[in-house]
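S.K.: Got a structure for you, questions after.
Laboratory data are not the source of any read-out in this text; all were calculated from the coordinates shown. Treat the numbers as computed from the prediction; the structure is a model and nothing was measured. Methodologically, a virtual Cβ is constructed for each residue, glycine included, from the backbone with ideal geometry; neighbour enumeration extends over all protein chains shown.
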Amino acid sequence: MAKAVTIAREERGNKLTQFPARTKGFLGDVRNEMRKVTFPSRKEVQATTMVVIITVILFGIYFFLIDQVIGNGVNWVLHRMR
């Protein structure tokens, strides 16, 4: 039991001493990955934004029409059941 506690303490100590090196390695990896990132041009952002806006409007109109049709159908059925 005492041996397990000693090993656990040593492992915890190793983790603490390795923390700065691991953090430095992690930040180095982040820096390397950020160098690989390419950002879209203003023209690309504007084009994709317009596609999203148009798509949202079309889906909104579609769902509004479907909601109206289903709502009128349900009202028609309920009024016929009286």
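S.K.: Measure off 7 Å from each Cα along the Cα-to-Cβ vector at M50 and M81, then give the distance between these two points in nanometres to one decimal.
M.R.: 4.9
S.K.: Then there's this: Once the other residues with Cβ under 14 Å from the Cβ of D29 are scored (Lys, Arg +1; Asp, Glu -1), what is the net sum? Show your work: numbers first, answer last.
M.R.: Numbers: positive: R22, K24, R31, R35, K36; negative: E33.
That sum, taken over residues with Cβ under 14 Å, equals +4.
S.K.: FRET efficiency for Y62 and F19, Cβ-Cβ distance as r, R0 = 35 Å, nearest 0.05?
M.R.: Details: r = 54 Å, r/R0 = 1.55.
Efficiency computed from Cβ-Cβ geometry: 0.05.
S.K.: Within 14 Å, Cβ to Cβ, of T49, how many net charges do the neighbouring residues add up to if Lys/Arg are +1 and Asp/Glu are -1?
M.R.: Taking every Cβ under 14 Å from that of T49, the sum is +1.
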